[in-house]
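Engineer: I have a structure here, written as structure tokens, and I will follow up with some questions on it.
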Amino acid sequence: MITRRTFLAAMATASLAPLVGCSGGQQAGSGQQSSGESKEVENRSEPKPLEITESGWSVVGDGWVYYGFALKNPNKDVEAQMPTVTITGKAEDGSIVFSDKQTLFVVLPGETVHYGFQAGNGTAPATVEFKANEPSWVDSQTLDEDVFTVSNTAEVPDSYGGGVSYTGELTANYDLDKKQYSQVAVSVIARDASGAINYGNTTFVDTPSNGESEPFEISCFNMPEHSSFEVYAQVW
């Protein structure tokens with residue numbers, strides 16, 4: 001079992017194989033069972049599926065879609081590794097304009113991660129749908145605190161009036177294996193006056209050491225009207 005404090009270090013050497021419910025043992029010899037205590041096998045239920053708890057999008061520029069979503073792992077004892085979300089744009093008649101698939105790294109038990117980026121092919125859709133796909137499940141537990149802390153965020157218009165930068169810094173709260181986790185995905189999520197997501201974008205920065213900080217800047221252009229923004233970080 002991956003413990004709270006050793007999760008990130010253990011993942012550096014853990015397999016990404018799907019969750020299984022049996023453990024290996026040493027054989028006593030051909031045709032023989034080794035002696036030992038007999039116990040009932042725990043009946044493990046199937047993990048609950050990942051949930052997209054909110055999502056939103058806007059057409060920006062020449063028909064491109066910029067989206068944001070929140071992906072929740074409702075389970076208490078398994079993490080989702082390499083989860084994917086399918087983003088599908090449709091025309092008014094229901095025909096498919098585009099279909100993209102976005103892969104994330106991990107969603108811990110009980111955790112909700114936010115991500116935003118660009119999708120589409122330059123043809124503006126009438127609607128956009130988000131679907132969470134089945135990931136690989138691995139035994140895990142929630143951490144005592146977030147992997148990263150994001151602070152000192154600001155929205156900075158550029159001097160030309162057509163773009164905005166979202167800046168700040170992230171601090172690592174754990175020792176991460178930088179060979180395994182060399183980067184951090186930093187995502188901005190913008191919301192309209194009603195609080196609904198209407199934009200998202202992401203940049204990547206080098207993974208800082210435990211207790212150290214790394215500055216970031218997310219450059220965005222042709223932003224839709226928005227009333228607030230948030231910034232999130234996750235291992236990549």
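The values are calculated or read from the model by the stated rules, or taken from the named source; none is laboratory data. The structure presented is a predicted model; accordingly, all values stated were derived computationally and were not measured. A quick note on method: Cβ atoms are made from the backbone with ideal geometry, for glycine too, and the neighbour counts reach across all protein chains shown. Note: areas computed on protein heavy atoms with side chains; ligands, DNA, RNA excluded. Shrake-Rupley method; radii C 1.70, N 1.55, O 1.52, S 1.80 Å.
Engineer: Filter the stretch 64-89 down to the residues that are over 22 Å from Val138 (Cα atoms) and open to solvent by 10 Å² or more (accessible area, probe 1.4 Å) and list them by number. Talk me through it step by step, then tell me what you get.
Structural biologist: First, pick out the residues of the stretch 64-89 that are over 22 Å from Val138 (Cα atoms): 64-69, 87-89.
If the condition is that a residue be over 22 Å from Val138 (Cα atoms) and open to solvent by 10 Å² or more (accessible area, probe 1.4 Å), then Trp64, Tyr66, Thr88 are the ones that fit.
Engineer: Spot the failing condition for Gly110; the list is (1) in contact with a Ser or Thr (Cβ under 8 Å, 6 or more places away or on another chain); (2) closer than 20 Å to Tyr66 by Cβ; (3) not aliphatic (A, V, I, L, M), and only one is missed.
Structural biologist: In the conditions (1) in contact with a Ser or Thr (Cβ under 8 Å, 6 or more places away or on another chain); (2) closer than 20 Å to Tyr66 by Cβ; (3) not aliphatic (A, V, I, L, M), Gly110 misses (2) alone.
Engineer: While we're here: I need a count of the residues in the stretch 184-223 that are modelled with pLDDT under 95 and either more than 14 Å from Glu155 (Cβ to Cβ) or touching a Pro at 6+ places or on another chain (Cβ under 8 Å) (or both). Even if it seems obvious, please write down each step before you answer.
Structural biologist: We begin by selecting, within the stretch 184-223, every residue modelled with pLDDT under 95; these are 221-223.
From the residues that got through so far, the ones that are either more than 14 Å from Glu155 (Cβ to Cβ) or touching a Pro at 6+ places or on another chain (Cβ under 8 Å) (or both) too are 222.
Residues flagged as modelled with pLDDT under 95 and either more than 14 Å from Glu155 (Cβ to Cβ) or touching a Pro at 6+ places or on another chain (Cβ under 8 Å) (or both) within the stretch 184-223 amount to 1.
Engineer: Inside the stretch 161-189, can you point out the residues that are exposed (fewer than 14 other Cβ atoms within 10 Å of the Cβ) and either at positive phi or in contact with a helix residue (DSSP H, G or I) (Cβ under 6 Å, 6 or more places away or on another chain) (or both)?
Structural biologist: The answer is Gly161, and nothing else.
Engineer: Step by step: first the residues of the stretch 140-155, then only those that are open to solvent by 70 Å² or more (accessible area, probe 1.4 Å) and under 17 Å from Val113 (Cβ atoms), then the one that is modelled with the lowest pLDDT. Which residue is that?
Structural biologist: The first filter runs over the stretch 140-155 and keeps only residues open to solvent by 70 Å² or more (accessible area, probe 1.4 Å), leaving 144-146, 152, 155.
Okay, now just the ones that are also under 17 Å from Val113 (Cβ atoms), so 145-146.
Details: Glu145: 90, Asp146: 93.
It comes out as Glu145.
Engineer: Also, quick follow-up: Within the stretch 212-227, is even one residue at positive phi, open to solvent by less than 70 Å² (accessible area, probe 1.4 Å), touching a residue at least 24 places away in the same chain (Cβ under 8 Å) and not hydroxyl-bearing (Ser, Thr, Tyr)? Even if it seems obvious, please write down each step before you answer.
Structural biologist: As a first pass, look at the stretch 212-227 and keep what is at positive phi: 222.
Okay, now just the ones that are also open to solvent by less than 70 Å² (accessible area, probe 1.4 Å), so none.
No, the stretch 212-227 contains no residue that is at positive phi, open to solvent by less than 70 Å² (accessible area, probe 1.4 Å), touching a residue at least 24 places away in the same chain (Cβ under 8 Å) and not hydroxyl-bearing (Ser, Thr, Tyr).
Engineer: Can you go through Asp158, Asp192 and tell me which one is open to solvent by 40 Å² or more (accessible area, probe 1.4 Å) and in contact with a His (Cβ under 9 Å, 6 or more places away or on another chain)?
Structural biologist: On the way: Asp158 fails: in contact with a His (Cβ under 9 Å, 6 or more places away or on another chain).
Result: Asp192 is the single residue among Asp158, Asp192 that is open to solvent by 40 Å² or more (accessible area, probe 1.4 Å) and in contact with a His (Cβ under 9 Å, 6 or more places away or on another chain).
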